[in-house]
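Everything below concerns the one structure shown next.
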Amino acid sequence: MWRNYLTVGIRSLMKNRVYAAINIAGLAIGMAACLLILVFVRYETGFDRDLPGAENAYQFQTYYTDPDTGDTNNLQMAAYVTKGRLQKDFPQVEQAVYVGSAGPILLKQGQAESTDNFYYVDGPITDILKFPYVAGNPATALSRPGNIVLSESEAVKQFGSAQTAMNQTLTIVGNGKEWDYRITGVVKDMPKNSHFKANFLARYDPSAYFADQPDFLTNWGWQSGYVYLRLRPGTDPDSINSQLHAWEKRNIPDERFGERVINQADMAEFALVNVRDVHLGFAQRAAMTPGNTRQSIATFAVIALLILSMACINFTNLATARASQRAREVALRKVLGASRRQLVVQFLGESVLMAAIAMLIALALVELTLPLFAHFLDTTLDLHYFGAGGVILPVVLLVLLVGVAGGLYPAFYLSRFQPARVLKANKSAADAHGSGRLRNILVVAQFAVSIGLMACTAIIYGQTIYARTVDPGFKRDGLMQVDNVGRRQLFNVNETIAREIARIDGVSAVGRSGIGVATQSNRNNAVLVPGRNSPVMLGNYNVDAGFFNAMGMKTIAGRTFDEKQAMDDMTTPFPEDPIAERALVARGANVVLSELAVKRLGFASPQDAVGKQVKLSYDDRYGGQLPVTIIGVVGDARFRSIREPMDAIMFVMHRFSHEVMEVRYNGDPATVRARVEQVWRRLAPQVPFEAKFTEEIVGDLYKAEAARAQLFAGFAALAIVIGCLGLFGLAAFTAERRTKEIGIRKVLGASTGRIVQLLVWQFSRPVLIANLIAWPVAWWVMRDWLNNFDTRIALTPIPFVGAGVVALAIAIGTIAMHSVRVARANPIQALRYE
């Protein structure tokens, strides 16, 4: 019996090649998209799943909320002091290690090299994150300060092989000092689906490293690294998390701000997060590797299912449209004794057969496109059929699911035909059964998905372009940002480098700053305004006198810094000099505010703020507050992504403590960059030269948005292709079914244009109705997505109407050829046998 079903199914496909090709092509595209997304979702949800002991490994995260604005800053980092307090207060913590984020310089044969993914650790981190070793003893590799572990690729890069690297010495320049490290281990490269990415793991002594910055070890607001914990087996992390609010209240000390007392616990919350949940977790700031969100993963999964559903709709539509062509077959089978159950099984078998053929084509498409897809996403995506993570089971289930979902209704629909009605005299095999209402509903559903995806794609592209082109408050073009300016080795030549670069032909201005374009620097201070009870948190960044000119920022009121004005300069010696600190507090200093900072402090206007004095939170040892006078107000500048809130900034003038140098130039960018590099290498050969043009930095900043827009565009195109395939087949069968009707209309005088209009209108109505469904859904989805940005484009009708018009034009173009061909046919051919 099954052999007979298979034979009949193959013959049916061969008899109706166009129908079979359309269905199989649509199903293959839908299945391929579904499999690609399945592989991607597995990759995204599989971060650190295979890491041994991951169930007991946790990252300690810090979540900040600004009490004045409600803005959040959710960090994967935590202060160094939290590690010791956690070990002291929670016996469930078996081991804790601090992983310090750093970018020291590697000295190799007297030449300075930059280091990527370099981290200092104060304990054996590989006891918590158990990455496999390829050389060295895991039990002792990071047992004492002075030991260093490399990744396998870094060992090969530096020494040719992992074994050759063992016991070699690396000289690292960090925090202004040279440190020698002996290589005691080499670990396998961390997989791309790991939130942890390190090429160097150097065991250090924090008290020695921060000898001239002892506050780092005790300050709760200084986040420059990560705290990892291993909990004892069986520990409930939720129990610890529930106690952290009381824990921080007990541990975080009060700070005096003049006569007021403030506490960082009022702004900070903490949480233990399992390492397997970090990648898709709540905190995404200061991550070692780019994270993602569960909502984003769910969105792509839903889109893949929608595309697959569209392919199943094609199957159902075409099967029911051509049902009358199989009416005689069904009637004859019933007359010969076939039961309805047997007919249902037969038609479902044909559906599953078609799905199986489509799956083979889909797998070939996935094999061809997966490398391109992985390269586009900058991930490692592999398609395995068997074993852990194999897709053979999902493939089989998908074939059965698609076969049954697409063929269930047609099977019951075909098997219900009554033999007497079908076989009665003069009953044409081409007569239609039913009203076609279901087919219209399914066509509406298909095009609603297509229109929705097109509208979403247009909005995402629009927001991406807006993000790249919106006025950031400074002149983005003609600007180059130079890194490594804050290195201790440059303290004595920093100003000299800036002056020499300013003399270069083609350079119009040079400025240095503690905040640059898309830097990770976050420094906030409490500011107290006279007559206001609670302090206001503002960003507090060091700049030099040339910064505002180099950035092209607009002065709104007052003036900016002047090197000749002693009160403008807040520079104090490093390491810290108590006499100089007290002198600074006694005399006060001048500051420049951004427009938003003026509003946050409660001043009526920028002009009203100029000349006013406020108090800046300062070290308790020197009185707890520093009087500062506002001498000027500059326009707001967006240094970070538009996803993040605008910074309200207090700028202070400082000759050192900068992170980047901004170089304003005219002329050829490559020539200017080469000249700047020559000056740098002449004056600072011990520090690598690293520079990027601002446009390039901004492009990288919005790379994820651009990639998401391209993915949506690709899925929208697939949806349109599948919808058009179904519409093409449906139009062909409908035109064939109405051949006699058209012949009669032509005999009665209908023109070719009128007949084309009649057929086109039949398929245009569902597309127009689909707009009424797609527009509100797409608007709701995009409104929530746009709300993730601090500034955004307006949701106008243009992308929705545009998507509807494009869908209608594609639908009309798809069915026009059939309509014209049928309308031009000689009516004699349709009526010759009547």
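The values are calculated or read from the model by the stated rules, or taken from the named source; none is laboratory data. Note that the coordinates shown come from a computational prediction; the quantities given were computed from them, not determined experimentally. No Cβ is skipped: glycine too gets one built from the backbone with ideal geometry, and neighbour counts run over all protein chains shown. Each accessible area value is taken on the protein alone, full model and side chains, heavy atoms only, with ligands, DNA and RNA left out. Shrake-Rupley method; radii C 1.70, N 1.55, O 1.52, S 1.80 Å.
Here Arg437 clears all of (1) within 35 Å of the chain's Cα centre (by Cα); (2) more than 28 Å from Glu595 (Cβ to Cβ); (3) open to solvent by 10 Å² or more (accessible area, probe 1.4 Å) except the condition numbered (1). Scanning the stretch 200-217 for residues that are in contact with a strand residue (DSSP E or B) (Cβ under 6 Å, 6 or more places away or on another chain) and open to solvent by less than 30 Å² (accessible area, probe 1.4 Å) gives Phe200, Leu201, Ala202, Tyr204.
Listed by first and then second residue, the pairs with beta-carbon distance under 9 Å, at least 6 apart or on different chains, first residue in the stretch 601-613 and basic (Lys, Arg), second surrounded by 13 or more Cβ atoms within 10 Å (Cβ to Cβ), are Lys612/Val529; Lys612/Leu601; Lys612/Phe603; Lys612/Thr629; Lys612/Ile630. Answer with yes or no whether Ala286 is crowded, with 19+ Cβ neighbours inside 10 Å and on the phi > 0 side of the Ramachandran plot. Yes, satisfied.
For the stretch 734-743, the condition holds for at least one residue, the condition being that it is farther than 28 Å from Ala709 by Cβ, at pLDDT below 80 and touching a Ser or Thr at 6+ places or on another chain (Cβ under 8 Å). Restricting Ala637, Ala704, Ala648 to those that are among the small types (Gly, Ala, Ser) and open to solvent by 20 Å² or more (accessible area, probe 1.4 Å) reduces the list to Ala704.
Cβ-Cβ contacts under 6 Å between residues 6 or more apart (or on different chains), taken from a first residue in the stretch 673-686 that is closer than 16 Å to Glu662 by Cβ to a second residue that is assigned to a helix (DSSP H, G or I) and among the β-branched types (Val, Ile, Thr), are listed as Val676/Ile501; Val679/Ile501. When Glu563, Glu595 are checked against the criterion of being of a type in the set (Asp, Glu) and either surrounded by 15 or more Cβ atoms within 10 Å (Cβ to Cβ) or closer than 30 Å to Val698 by Cβ (or both), a single residue qualifies: Glu595. Residues of the stretch 154-183 that are touching a Leu at 6+ places or on another chain (Cβ under 7 Å) and of a type in the set (A, V, I, L, M): Ala165, Leu170, Ile172, Val173, Ile183. In the condition set (1) under 31 Å from the mean Cα position of the chain (by Cα); (2) open to solvent by 70 Å² or more (accessible area, probe 1.4 Å), Glu178 is compliant with all but (1). Can you spot a residue in the stretch 662-682 that is under 27 Å from Phe491 (Cβ atoms) and part of a loop (DSSP other than H, G, I, E, B)? Within the stretch 662-682, none of the residues are under 27 Å from Phe491 (Cβ atoms) and part of a loop (DSSP other than H, G, I, E, B).
Residue count for the stretch 433-451 satisfying the condition of being in contact with a helix residue (DSSP H, G or I) (Cβ under 6 Å, 6 or more places away or on another chain), modelled with pLDDT under 60 and among the small types (Gly, Ala, Ser): 0. Among the residues of the stretch 628-672, not one is without any contact (Cβ under 8 Å) to a residue 24 or more places away in the chain and of a type in the set (D, E, K, R). Within the stretch 518-533, the presence of a residue that is at pLDDT 90 or above and of a type in the set (Gly, Ala, Ser) is excluded. Residue count for the stretch 218-239 under the criterion of being open to solvent by less than 50 Å² (accessible area, probe 1.4 Å), under 16 Å from Gln76 (Cα atoms) and either of a type in the set (A, V, I, L, M) or in contact with a Phe, Trp or Tyr (Cβ under 8 Å, 6 or more places away or on another chain) (or both): the result is 6.
Checking every residue in the stretch 204-220 against the condition of being in contact (Cβ under 8 Å) with a residue 24 or more places away in the chain, assigned to a strand (DSSP E or B) and at negative phi gives zero matches. For the stretch 17-53, a residue qualifies if it is under 19 Å from Leu401 (Cβ atoms) and of a type in the set (D, E, K, R), and exactly one does: Arg42.
Of all residues in the stretch 119-130, those that are under 10 Å from Pro145 (Cβ atoms) and open to solvent by 10 Å² or more (accessible area, probe 1.4 Å) have Cβ atoms under 9 Å from Cβ atoms of residues that are of a type outside the set (Val, Ile, Thr) and not in a strand (DSSP E or B), 6 or more apart or on another chain, in Asp122/Tyr80; Asp122/Lys83; Asp122/Pro145; Asp122/Tyr204; Asp122/Asp205; Asp122/Pro206. Please work out if Gly602 is under 25 Å from Asn263 (Cβ atoms), small (Gly, Ala, Ser) and open to solvent by 50 Å² or more (accessible area, probe 1.4 Å). Answer is yes for this residue. Of all residues in the stretch 52-77, those being within 22 Å of Pro191 (Cα to Cα) and touching a helix residue (DSSP H, G or I) at 6+ places or on another chain (Cβ under 7 Å) number 5. Within the stretch 226-243, the residues that satisfy the criterion of being more than 16 Å from Ala54 (Cα to Cα) and in contact with a helix residue (DSSP H, G or I) (Cβ under 9 Å, 6 or more places away or on another chain) are Ile240, Gln243. One residue stands out in the stretch 518-531 among those that are in a loop (DSSP other than H, G, I, E, B) and in contact with a Leu (Cβ under 8 Å, 6 or more places away or on another chain): the one that is surrounded by the fewest Cβ atoms within 10 Å (Cβ to Cβ), namely Ala518. Run down Ile10, Ile22, Ile29 and say which single residue is at pLDDT 85 or above and either surrounded by fewer than 18 Cβ atoms within 10 Å (Cβ to Cβ) or aliphatic (A, V, I, L, M) (or both). Answer to the check: Ile29. Within the stretch 625-659, the set of residues being over 26 Å from the mean Cα position of the chain (by Cα) and hydrophobic (A, V, I, L, M, F, W, C) comprises Leu626, Val628, Ile630, Ile631, Val633, Val634, Ile649, Met650, Phe651, Val652, Met653, Phe656.
For the stretch 271-289, the set of residues classified as among the aliphatic types (A, V, I, L, M) and not in a loop (DSSP other than H, G, I, E, B) consists of Ala271, Leu272, Val273, Val275, listed by residue number. If you go through the stretch 570-592 and keep only what is open to solvent by less than 30 Å² (accessible area, probe 1.4 Å), in contact (Cβ under 8 Å) with a residue 40 or more places away in the chain and outside any loop (DSSP other than H, G, I, E, B), you end up with Glu581, Leu584, Val585, Ala589, Asn590, Val591, Val592. Scanning the stretch 83-117 for residues being open to solvent by less than 50 Å² (accessible area, probe 1.4 Å), farther than 30 Å from Asp236 by Cβ, assigned to a strand (DSSP E or B) and not aliphatic (A, V, I, L, M) gives a total of 1. Within the stretch 181-199, the set of residues being assigned to a loop (DSSP other than H, G, I, E, B) and either of a type outside the set (Gly, Ala, Ser) or surrounded by fewer than 20 Cβ atoms within 10 Å (Cβ to Cβ) (or both) comprises Lys188, Asp189, Met190, Pro191, Lys192, Asn193, His195, Phe196, Lys197, Asn199. The set of residues in the stretch 221-270 that are farther than 22 Å from Asp66 by Cβ, part of a loop (DSSP other than H, G, I, E, B) and in contact with a Gly (Cβ under 8 Å, 6 or more places away or on another chain) is empty.
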